[in-house]
Each structure stands twice: as C-alpha cells, then as structure tokens.
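A.B. asks: Right, I'll just put the structure down here and ask away after.
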Amino acid sequence: MKKRTSPKWITELAEGEIFVFGSNLAGQHGGGAARIALKWGAVLGQGVGLQGQTYAIPTMQGGVETIKPYVDEFLDFAREHPELKFLVTEIGCGIAGFTPAEIAPLFRVAIDEDIANVYLPESFYEALNF
C-alpha cells in the first residue's frame, strides 16, 4: 500500500487533477471547500458529482450513513477514470461538523484496494492508523 496524501491546502490544480469537496445536496457551495471549488468549475445547484475540475460529495444531509453511498459512487467513478487524479479534501469535517475519525472509514476501501488515483488527507490516514 502506497500512502497517497492530498495537500492540506489546495490552491492550484494541474491538468487532470480533481478537487474533491464536501457539498450540500442543493449545490449551494456557499462556504468552506465548496466555495473554493467554484473557481475550478463547481456548478451552483449541482450537489453531486463531477463539475469542471471538481467532484462534489454531499455531506450536509444527515449522519455518516447518508454520506457513504455518495463516497461509494465517487470511488466507483475514480476507478472508471484512472486518467484523473482525485485530491480529496477533509470532506464533512468543516461546516458539516464531522471528524476525520468519522469520515475516514468511508474511504478505507481506497486504501485497501490501492485505488492509485485517489489521494486522501493526512488526517484520514491518521484516523485509520496508517
């Protein structure tokens, strides 16, 4: 297993890099990483999926169990697009109020299956004891 870490602060993206952020289902993108995502093509009104050089994962609709299907959908998308590099932010750990210890297990399969194009925050690796 190779540890692939996304930068703590993402300020620019190279071609083929995708900024993965936590959103709300309404796609309001008003604060946090979602607001930053607007500069790379996040679409107001679209709360899920690929948008420009961003990928939205809804985190504001309930508990961790409501986020899991969207993370699973994202990981399937990442597997289908090996030409892209996905830089995952600490989704759900800002405005949504979750901790890395709560969210990181949703991404465990990316480590276990060694999905080579998914880069996770250092805090997620720490929460998973890597």
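Rule-based calculations on the coordinates, nothing more; no lab input. The model shown is predicted, which means the values in this text are computed figures rather than measured ones. In this analysis, Cβ positions are derived from the backbone assuming ideal geometry, glycine residues included, and neighbour counts consider all displayed protein chains.
A.B. asks: Among 74, 86, 98, determine the one that fluctuates most according to a GNM of the chain built with springs between C-alpha atoms less than 10 Å apart.
C.D. replies: Highest fluctuation among the options: 98.
A.B. asks: Among 32, 75, 120, whose Cα sits farthest toward the positive end of the charge dipole of the chain (+1 at Cβ of Lys/Arg, -1 at Cβ of Asp/Glu, about the Cα centre)?
C.D. replies: Farthest along the dipole direction, towards plus: 32.
A.B. asks: What distance in nm separates the simple spin-label points at residue 128 and residue 38, each placed 7 Å from Cα in the Cβ direction?
C.D. replies: Those two pseudo-labels are separated by 3.2 nm.
A.B. asks: If you don't mind, there's one more thing I want to ask. Report, by chain and number, residues whose modeled amide H sits under 5 Å from the one on residue 92, excluding near sequence neighbours (fewer than 5 apart, same chain).
C.D. replies: 22
A.B. asks: Figure the gain on full extension for residue 72 and residue 2 (residue separation times 0.36 nm, minus the Cα-Cα span) and round it to one decimal in nm.
C.D. replies: Net length gain for the segment: 23.1 nm.
A.B. asks: Once you have the Cα-Cα distance between residue 95 and residue 48, take 0.36 nm times their residue separation minus that, and quote the gain in nm to one decimal. Walk me through the numbers before you get to the answer.
C.D. replies: On the way: separation 47, 0.36 × 47 = 16.92 nm, distance 1.70 nm.
Result: 15.2 nm gained on full extension.
A.B. asks: What fraction of the DSSP beta bridges in the chain is antiparallel, stated in percent and rounded to the nearest 5?
C.D. replies: Roughly 20 percent of the beta bridges in the chain run antiparallel, per DSSP.
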